[in-house]
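Okay, so here's the structure we're looking at.
The values are calculated or read from the model by the stated rules, or taken from the named source; none is laboratory data. Quick caveat, the model's predicted, so the values are computed rather than measured. Glycine also receives a Cβ, built like all others from the backbone with ideal geometry; neighbour counts cover every protein chain displayed.
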């Protein structure tokens, strides 16, 4: 395995109709907009795409549409295939390989409090189901607990595992794994503190707000590579101000409202996911009008 998947990826949003059905037309509009953000690739079918609220057939359809839309671009495509059962995860993974995706990623099984043995077996089977490199996922906020250094190390040692998306603030664990597995690809998953992960050696980031502020995150990552820490801090601060507003509105409802105001109608979020405030659109309009934010919005 190499770091061929390294880079900055938008955790792609999902287009839904006004009644909450998967909407291919709205998905294509999102794809076109995000492909213009200057990022290295798209992370398709993840939590930012409401995958936990979608059916497998909808996720399969989304994979196909994004693959078609990305043809002719330089975008690297990673398909998130982590659903609550292994059978459907394998189905999604094999479909992504047929469509020409470059990599896979998967949340660990999280419908029940699975043991370390069960989680390892899941990743072992999934990583062997295709020839694509699998990016595993450390995200305690979704799984309910952090995984031990030993478990993550055993998973990363699997031959079909290409790296990890690390969405945790345990930077010591991140750095330790990074040292022990220098040949693997390490993504950092917290948009608002991406700089921290980058300084600790992340090969790239995968984030929700990259859908709108992709150019900012690409510039932030480049600033770190160039040793321009002060500039990177400035860009991270701009990112944090945007994320603060999303925390008020609800992240995905706020992101969809923001794109809608840029002329990209993503539709609503799928219920029960809903805005946290009645004035979601107004709050997003206000932050988008801020000159520091507006300078980075395409």
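The lone criterion from (1) within 25 Å of residue 55 (Cα to Cα); (2) over 20 Å from the mean Cα position of the chain (by Cα); (3) without any contact (Cβ under 8 Å) to a residue 60 or more places away in the chain left unmet by residue 257 is number (2).
From the list 254, 298, 263, 267, which residue is touching a strand residue (DSSP E or B) at 6+ places or on another chain (Cβ under 9 Å) and under 22 Å from residue 32 (Cα atoms)? It is 267. Would you say residue 146 is under 20 Å from residue 180 (Cα atoms) and either surrounded by 13 or more Cβ atoms within 10 Å (Cβ to Cβ) or touching a helix residue (DSSP H, G or I) at 6+ places or on another chain (Cβ under 9 Å) (or both)? Criteria met by residue 146. Would you check if residue 104 is at pLDDT 95 or above and in a loop (DSSP other than H, G, I, E, B)? Considered against the rule, which asks whether it is at pLDDT 95 or above and in a loop (DSSP other than H, G, I, E, B), residue 104 comes out as no.
If only residues of the range 91-105 that are in contact with a helix residue (DSSP H, G or I) (Cβ under 7 Å, 6 or more places away or on another chain) and farther than 18 Å from residue 57 by Cβ are counted, the one that is surrounded by the most Cβ atoms within 10 Å (Cβ to Cβ) is 104. Of all residues in the range 171-184, those satisfying the criterion of being buried (at least 17 other Cβ atoms within 10 Å of the Cβ) and over 13 Å from residue 200 (Cα atoms) are 181, 184. So residue 268 fits all but one of (1) farther than 18 Å from residue 30 by Cα; (2) assigned to a loop (DSSP other than H, G, I, E, B); what number is the exception? Just one mismatch for residue 268, condition (1).
Please work out which residue is farthest from the chain's Cα centre (by Cα), limiting yourself to the range 79-93 and to residues that are in a loop (DSSP other than H, G, I, E, B) and at pLDDT 95 or above.
Result: 85.
Listed by first and then second residue, the pairs linking a residue in the range 279-298 that is part of a helix (DSSP H, G or I) to a residue that is loosely packed, with under 12 Cβ neighbours inside 10 Å and modelled with pLDDT of 95 or more, with Cβ atoms under 8 Å apart and 6 or more places separating them unless they lie on different chains, are 288/294.
Residues to consider are 34, 66, 81; find the one that is over 26 Å from residue 122 (Cβ atoms) and touching a strand residue (DSSP E or B) at 6+ places or on another chain (Cβ under 7 Å).
Details: 66 fails: over 26 Å from residue 122 (Cβ atoms); 81 fails: over 26 Å from residue 122 (Cβ atoms).
Going through 34, 66, 81 in turn, the sole match is 34.
Sort out which residues of the range 51-78 are in contact (Cβ under 8 Å) with a residue 40 or more places away in the chain and not in a helix (DSSP H, G or I), and write them in order of number. Matches in the range 51-78: 54, 75, 76, 78. The lone criterion from (1) more than 20 Å from residue 40 (Cβ to Cβ); (2) touching a strand residue (DSSP E or B) at 6+ places or on another chain (Cβ under 6 Å); (3) assigned to a helix (DSSP H, G or I) left unmet by residue 96 is number (1).
Just the residues that are closer than 19 Å to residue 236 by Cα and in contact with a strand residue (DSSP E or B) (Cβ under 7 Å, 6 or more places away or on another chain), please, taken from the range 175-197.
Step one: list which residues in the range 175-197 are closer than 19 Å to residue 236 by Cα, which gives 187-197.
187, 188, 189, 191, 194, 197, listed by residue number.
Against the conditions (1) surrounded by 24 or more Cβ atoms within 10 Å (Cβ to Cβ); (2) in contact with a helix residue (DSSP H, G or I) (Cβ under 6 Å, 6 or more places away or on another chain), residue 24 satisfies every one except (1). Here 35, 5, 39, 12 are screened, and the one residue that is closer than 16 Å to residue 265 by Cβ, within 15 Å of the chain's Cα centre (by Cα) and modelled with pLDDT of 95 or more is 12. Residues in the range 149-167 that are surrounded by 14 or more Cβ atoms within 10 Å (Cβ to Cβ) and farther than 17 Å from residue 109 by Cα: 6 in all.
Condition check ((1) touching a residue at least 40 places away in the same chain (Cβ under 8 Å); (2) assigned to a strand (DSSP E or B); (3) surrounded by fewer than 20 Cβ atoms within 10 Å (Cβ to Cβ)) across all residues:
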{"site": "142", "(1), (2), (3)": "yes, no, yes"}
{"site": "169", "(1), (2), (3)": "no, no, yes"}
{"site": "202", "(1), (2), (3)": "no, no, no"}
{"site": "206", "(1), (2), (3)": "yes, yes, no"}
{"site": "215", "(1), (2), (3)": "yes, no, yes"}
{"site": "221", "(1), (2), (3)": "yes, no, no"}
{"site": "233", "(1), (2), (3)": "no, no, yes"}
